[in-house]
Amino acid sequence: MTIIGIDLGTTNSACGLWTDDGVTLIPNRLGEVLTPSVVGVDKNGEIIVGRTARQRLINHSDRTVAAFKRLMGTDHKVKLGKQTFTATELSSLVLRSLKEDAETFLGEPVTEAVISVPAYFNDNQRHATKLAAELAGLKVERLINEPTAAAIAYGLHEKQEGLFLILDLGGGTFDVSLLEFFDGIMEVHASAGDNFLGGEDFVDAMVDDVLREHRLRRDDLKPLTLQNLYLQMESAKRKLGPTDLVLTLDLGEKTVEHVVTADWFARISTPLLLRAKHPIERAIRDAGLHPSKIDDVVLVGGSTRLAIFRSTVGKMFGRLPSCHLDPDTVVAMGAAIQAGLMMRNEALDDVVLTDVCPYTLGTGVINEDNPRLGSYFLPIIERNCVVPVSIVKEICTAHDNQTELTIKVYQGENRLVEKNVYLGELSVQVPPAPRGEETVDVRYSYDMNGLLEVDVTVHSTGKTYNHLIEHTPGALSEADKQKALSKLSELKFHPRDGEDNRALLARGERLYESSLGDRRDYIADVMKQFERALERQNPAEIAKVQKQVKDVLAQLESEDWF
């Protein structure tokens, strides 16, 4: 059975497969490898997808829609003629078109796929993507993060090893991932991004500035006129170079000439470029790495062709970024390679992928300082923890004689819990007692399949309650689900109980007991640092501090202190 790789993009989508000769990108019925992610409905109610639909955006704007990927995971609905669609349904129509093209190309049914998603997509958006695939008749073997797919394409293509910063600026989303490729392992150190920053926003900025200059609002223009203005600005964005462009613009009641210059475009793009800098800096900061350690900066996504974006990145890192693979198709190539790995094609060496949790997972706790503000968010698994991961936190009852404790599960970064994404909840019974006396351990265990297992253990009774939050139901077979849960169960112990960590703590205690004065105080400080790292339960941080402590203790054991 052939598994295809799909890049489901905001502006364009593409698919491919791995063969003995490498990646083959699958052409659509028009012979093109890029299919515009545009859906329309004709006067007979028939669905139109791709380039034909995109050409109808001007004259049939009420029956055509683009850039709906930004609405994935929401309840927003789009009306096309007399029909109404969700973003999931619209995406399924694009996926069905790609599936049909692949079947025509291969001459056989296609029912399985690896689909790429922005690294910063939350669980709801990922679930919506899988549901879209199911509606299109595809079983999703895996969702792969777009920057990871791009890194696979670059890593396997060039056989390079090192630390890569992947910047993926597409039509509607911006993704940043910091990955390391070594010994056949692709390890994600950190990811960040902006789900509402892409090439479409640069065009929006161009249109808004033109309208502002002529003291017009969007509502002042007819839909057809406004759509035509958008297309002219999109074309100018693509053509802009050292030579100025002179455009004749229809603004309804008047026709004007507008000169598009590099300086003008730079001025209106500055706010967007500043927005792009934030997730880049955040990913590097989260990974705890200095920019000088990055071996290569790789550009992915059609919007990275913008000279001003490349220039900004070059200034940030003091070097030219890499972009020798086609930024429009590199994600589809990576997805196809991953599909080939899943088929265990003999022409491919296996690559082990490690990923991170892109959002913080936590629960709500009482805000005693100002209850009117609502509950605070207590992070349990923090963003950019390497998955699979299992972390436990202790909480207590908030009221006298409380008999039930409800653990609500959220995803996000906001200090106030209600501003984060609700995922589910678990209620447990506790014996009545004065507030604060009854305590429970709340353990979150998360893996790259999207399984979040919540275990709550009541200390006084010893009883454990369990709840599985699966935002991609049906994506895993029961056997695969049990296998994933079995792996997670192996992680369900506190890091301080691990054999290596216990041995290191005992070694530190032995040295402390045999020392006096400044040497003893120094050892105590070192061991406190290690214990604090263990309490935070971040595997990457523990490994780093563990190495530092081992080096310190080894140095102390080899020296004579007086």
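Taking the condition closer than 18 Å to Lys139 by Cβ and crowded, with 21+ Cβ neighbours inside 10 Å, does Lys99 pass? Yes: the conditions hold for Lys99.
Taking the condition of a type in the set (Val, Ile, Thr), touching a residue at least 40 places away in the same chain (Cβ under 8 Å) and out of contact with any Leu (no Cβ under 9 Å at 6 or more places or on another chain), does Thr84 pass? Against the criterion (of a type in the set (Val, Ile, Thr), touching a residue at least 40 places away in the same chain (Cβ under 8 Å) and out of contact with any Leu (no Cβ under 9 Å at 6 or more places or on another chain)), Thr84 does not qualify.
Mind telling me which of the residues Asp328, Asp286 ends up being among the acidic types (Asp, Glu), in a loop (DSSP other than H, G, I, E, B), crowded, with 17+ Cβ neighbours inside 10 Å and in the same structural domain as Ala192 (by TED's automatic domain parsing)?
Asp328
Is it true that some residue in segment 310-321 is part of a helix (DSSP H, G or I), without any contact (Cβ under 8 Å) to a residue 12 or more places away in the chain and over 25 Å from Arg267 (Cα atoms)? Checked segment 310-321: no residue is part of a helix (DSSP H, G or I), without any contact (Cβ under 8 Å) to a residue 12 or more places away in the chain and over 25 Å from Arg267 (Cα atoms). Filtering segment 375-393 to residues that are hydrophobic (A, V, I, L, M, F, W, C), touching a Lys or Arg at 6+ places or on another chain (Cβ under 9 Å) and touching a residue at least 40 places away in the same chain (Cβ under 8 Å) leaves Phe377, Ile380, Ile391, Val392. For segment 277-297, filtered to residues that are modelled with pLDDT of 90 or more and of a type in the set (A, V, I, L, M), the residue that is nearest to Phe174 (Cα to Cα) is Ile280.
For every residue, the table says whether it meets (1) over 29 Å from the mean Cα position of the chain (by Cα); (2) not in a strand (DSSP E or B).
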residue: Asp400; (1), (2): yes, yes
residue: Val409; (1), (2): no, no
residue: Glu425; (1), (2): no, no
residue: Val428; (1), (2): yes, no
residue: Glu437; (1), (2): yes, yes
residue: Val440; (1), (2): yes, no
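Taking every residue in segment 507-529 that is loosely packed, with under 13 Cβ neighbours inside 10 Å and modelled with pLDDT of 80 or more and pairing it with any residue that is among the hydrophobic types (A, V, I, L, M, F, W, C) and part of a loop (DSSP other than H, G, I, E, B), at least 6 positions away or on another chain, the pairs with Cβ-Cβ distances below 9 Å are Asp518/Trp561. Considering every residue within segment 192-207, establish whether at least one is modelled with pLDDT of 90 or more, over 24 Å from Met72 (Cα atoms) and not in a loop (DSSP other than H, G, I, E, B). The answer is yes; a qualifying residue exists.
Evaluate the following for Ala336: is it out of contact with any Cys (no Cβ under 6 Å at 6 or more places or on another chain) and closer than 30 Å to Ala102 by Cβ? Write out each step before concluding.
Details: out of contact with any Cys (no Cβ under 6 Å at 6 or more places or on another chain): yes; closer than 30 Å to Ala102 by Cβ: yes.
Yes.
The values are calculated or read from the model by the stated rules, or taken from the named source; none is laboratory data. Quick caveat: nothing in here was measured; it's all calculated off a predicted structure. As a convention, Cβ positions derive from the backbone with ideal geometry for all residues, glycine included, and neighbour counts pool all protein chains shown.
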